[in-house]
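The structure under discussion appears below in the form of structure tokens.
The values are calculated or read from the model by the stated rules, or taken from the named source; none is laboratory data. Computed from a prediction, not measured in an experiment: that's the story for all the values here. Because the Cβ atoms are built from the backbone with ideal geometry, glycine has one as well, and the counts that use them run over all protein chains shown.
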Amino acid sequence: MTELREFVEVLRAAGEITRLRLLALLAESELSVKDLTEILDQSQPRVSRHLRLLTESGLISRHAEGAWAFFRLSDELKASSLVEHLLSQLDRADAVLQGDMGRLDAVRSDHQVRAATYFSKVAQDWDRVRSLHAPESAVEAAIVDMMSGEQVDLFMDLGTGTGRMLELLDGHFKRGVGIDSSREMISVARSKFEQTNQKHVFVRLGDIGQLDEYKSSADIIMLHQVLHHFDDPGIALGNAKTALKKGGKITVVDFMPHKLEFLREEQEHRRLGMSHEQMDHWASTSGLAVSDAREIPHNVPGGGLTVCIWQLSDQI
């Protein structure tokens, strides 16, 4: 097939009213089939058929999350430029488009309500752990300082939770991807980034031990309060390394060794902190080396949690 024929097929894919409406909506936000069905007030099979045609044309991309699927505009330059031009020709005062945007706002509001409801249930446990270590402001200031001067194409946050690291480090990356195994946490993060209209930030439901899709793609990877949930943090670190570009860096934020056994039982901590010696060993096994380590001590009378930020550099 010639390039001219391919271009005509792309135009045909976009040249239908429902598919143009879909492109306009996906220019505003990454959305699920369920969201799009609700906004367009069309059947799921019909919406899915239009999405399939747009995906096959390369104008949009699809990401599966279990039984769910999310869609967004393609990152490919030619496709994104064409969609941007097509949408710029639309009259935003058109009644159909305005109706779609109004329903999009309603869907986003529903996402935010659901996220807030879930987060209120877990906030008490989070606050208890936070009270045991240095103020979040001190930890986050150290993270930002360690990232000073970094400007990268892709930043990945593994075990992203509510997406706080993506939010904190925005400005240091062109594109940010957060991955977490909790659908509820992903909903909280997705709602947050919808609200702030950060279209360059994406969150994904997934297993951070299965990163083949992102092989050798990230410039910087963050593991924030993640490794203590693994029986063998070295394996988790090795899995993360597969998604790292040559010469990239992994930042680990976690606790130093402690004796707070209740965290093992109540918060599912598999490891009660980790030492510099352990981190050196795990890093070396994965082809990494600790290039920086900063401790932020607790100020809890009777004992608390010391946070450490380790920066691991790829040994090219």
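Can you report the number of residues in the range 1-40 which are of a type outside the set (Val, Ile, Thr), within 25 Å of Asp110 (Cβ to Cβ) and in contact (Cβ under 8 Å) with a residue 60 or more places away in the chain? So the answer is 13. For the range 210-231, the set of residues classified as in contact with a Phe, Trp or Tyr (Cβ under 9 Å, 6 or more places away or on another chain) and at pLDDT below 95 consists of Gln225, Leu227, His228, listed by residue number.
Please determine whether any residue of the range 68-78 is assigned to a helix (DSSP H, G or I) and modelled with pLDDT under 90. Can you show your working first?
Taking the range 68-78 as the starting set, the residues that turn out to be assigned to a helix (DSSP H, G or I) are 77-78.
Going one step further and asking which of them are modelled with pLDDT under 90, we end up with 77-78.
Yes, that holds for at least one residue.
Remark: pairs (first residue in the range 158-183, surrounded by 22 or more Cβ atoms within 10 Å (Cβ to Cβ); second residue in a strand (DSSP E or B) and of a type in the set (Gly, Ala, Ser); Cβ separation under 7 Å; 6+ apart in sequence or on different chains) = Thr160/Gly178; Gly163/Gly178; Leu166/Gly176; Leu166/Gly178.
Can you go through Glu266, Glu261, Glu277, Glu194 and tell me which one is more than 22 Å from Val152 (Cβ to Cβ), loosely packed, with under 14 Cβ neighbours inside 10 Å and touching a helix residue (DSSP H, G or I) at 6+ places or on another chain (Cβ under 8 Å)?
Numbers: Glu261 fails: touching a helix residue (DSSP H, G or I) at 6+ places or on another chain (Cβ under 8 Å); Glu277 fails: touching a helix residue (DSSP H, G or I) at 6+ places or on another chain (Cβ under 8 Å); Glu194 fails: loosely packed, with under 14 Cβ neighbours inside 10 Å.
None of the others qualify; the one that does is Glu266.
Consider the range 146-191. How many of its residues are part of a helix (DSSP H, G or I) and polar (S, T, N, Q)? Number of matching residues: 2.
Quick one: is Asp254 crowded, with 17+ Cβ neighbours inside 10 Å and either modelled with pLDDT under 90 or in a strand (DSSP E or B) (or both)? Spell out how you get there, then give the answer.
On the way: crowded, with 17+ Cβ neighbours inside 10 Å: yes; either modelled with pLDDT under 90 or in a strand (DSSP E or B) (or both): yes.
It is true that Asp254 is crowded, with 17+ Cβ neighbours inside 10 Å and either modelled with pLDDT under 90 or in a strand (DSSP E or B) (or both).
Applying the set (1) touching a residue at least 24 places away in the same chain (Cβ under 8 Å); (2) part of a helix (DSSP H, G or I) to Ser137 leaves exactly one unmet item: (1). If a residue has to be in a loop (DSSP other than H, G, I, E, B), in contact with a helix residue (DSSP H, G or I) (Cβ under 7 Å, 6 or more places away or on another chain) and surrounded by fewer than 20 Cβ atoms within 10 Å (Cβ to Cβ) to count, how many in the range 203-251 make the cut? Number of matching residues: 2.
Of the residues in the range 128-136, none is at pLDDT 90 or above, surrounded by fewer than 17 Cβ atoms within 10 Å (Cβ to Cβ) and either in contact with a Lys or Arg (Cβ under 9 Å, 6 or more places away or on another chain) or over 21 Å from Lys246 (Cβ atoms) (or both).
Okay, residues lined up against (1) modelled with pLDDT under 90; (2) surrounded by 14 or more Cβ atoms within 10 Å (Cβ to Cβ); (3) out of contact with any strand residue (DSSP E or B) (no Cβ under 8 Å at 6 or more places or on another chain):
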| position | (1), (2), (3) |
| --- | --- |
| Thr2 | yes, no, yes |
| Glu16 | no, no, yes |
| Leu20 | no, yes, yes |
| Val33 | no, yes, no |
| Asp41 | no, no, yes |
| Gln44 | no, no, yes |
| Glu56 | no, no, yes |
| Gly66 | yes, no, no |
